[in-house]
């Protein structure tokens with residue numbers, strides 16, 4: 001697709017991977033809206049990037065509906081949804097509680113599904129659209145203490161496969177990006193960014209991947225893309 005003037009929503013766009021993707025897409029000439037949980041931070045980052053700030057949490061359907069209503073009012077629709085917002089928690093299996101799933105799944109699974117539903121309504125009406133779901137290498141392979149988080153990302157990966165089968169006949173591309181470890185504000189209590197590490201990925205690699213899969217000519221698409229650090233050890 002041509003990203004110039006494309007209308008793009010990046011959830012969780014005020015920090016980490018979302019912020020880097022928003023910056024890269026804006027550099028390509030796209031109109032980008034970002035969501036975030038912290039209104040002050042969201043406004044500050046939006047001004048820094050030249051993005052449109054839209055307050056809304058992924059785990060609250062009413063707020064998601066307001067996000068899409070604002071997109072309709074501002075842009076008259078949407079071309080790309082990037083489901084990036086995510087949270088995590090990590091504990092040994094013997095300490096897992098139902099409340100842990102209740103905490104993580106609304107943001108990592110239910111929110112993307114509802115955002116996808118609203119985006120697809122608009123995509124079908126206009127005859128095209130693009131969805132990127134940002135999962136994780138944890139959605140392909142489990143790991144120690146990853147029961148809750150990995151389960152949520154496996155679920156997102158499964159939903160992505162379902163959407164792909166449903167939506168291809170409607171000229172809607174559905175793509176999945178699986179980053180491995182990237183130091184960001186993810187899982188940091190005060191949402192401050194972690195320091196980058198020499199041998200680990202940075203948010204820019206994931207932003208590059210998002211731009212690359214979107215810029216592929218619309219006659220084809222990359223269903224799933226894993227992005228790993230070359231030598232993290």
Between 73, 46, which is under 19 Å from residue 210 (Cβ atoms) and either in contact (Cβ under 8 Å) with a residue 24 or more places away in the chain or surrounded by fewer than 23 Cβ atoms within 10 Å (Cβ to Cβ) (or both)?
46
Looking at 3, 17, can you tell me which residue is crowded, with 16+ Cβ neighbours inside 10 Å, touching a helix residue (DSSP H, G or I) at 6+ places or on another chain (Cβ under 7 Å), in a loop (DSSP other than H, G, I, E, B) and touching a residue at least 24 places away in the same chain (Cβ under 8 Å)?
3
Among 56, 50, which is the only one that is over 18 Å from residue 136 (Cβ atoms) and modelled with pLDDT under 95?
56
Being within 17 Å of residue 214 (Cα to Cα) and either in contact (Cβ under 8 Å) with a residue 60 or more places away in the chain or out of contact with any strand residue (DSSP E or B) (no Cβ under 6 Å at 6 or more places or on another chain) (or both) is the filter here; which residues of the range 117-126 pass it?
119, 120
Residue pairs within 8 Å by beta carbon, gap of at least six or interchain, first lying in the range 151-170 and touching a residue at least 40 places away in the same chain (Cβ under 8 Å) and at negative phi, second exposed (fewer than 13 other Cβ atoms within 10 Å of the Cβ) and part of a helix (DSSP H, G or I), listed first then second, are none
Limited to the range 195-225, what total is found for residues that are closer than 15 Å to residue 136 by Cα and part of a helix (DSSP H, G or I)?
6
Quick one: residue 169 ticks every box in (1) more than 20 Å from residue 109 (Cβ to Cβ); (2) within 15 Å of the chain's Cα centre (by Cα); (3) modelled with pLDDT of 95 or more bar one, so which box is it?
(2)
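The values are calculated or read from the model by the stated rules, or taken from the named source; none is laboratory data. All of these numbers come straight from a predicted model, not from anything done at the bench. Using ideal geometry, Cβ is built from the backbone for each residue, glycine included, and neighbour counts are taken over all protein chains shown.
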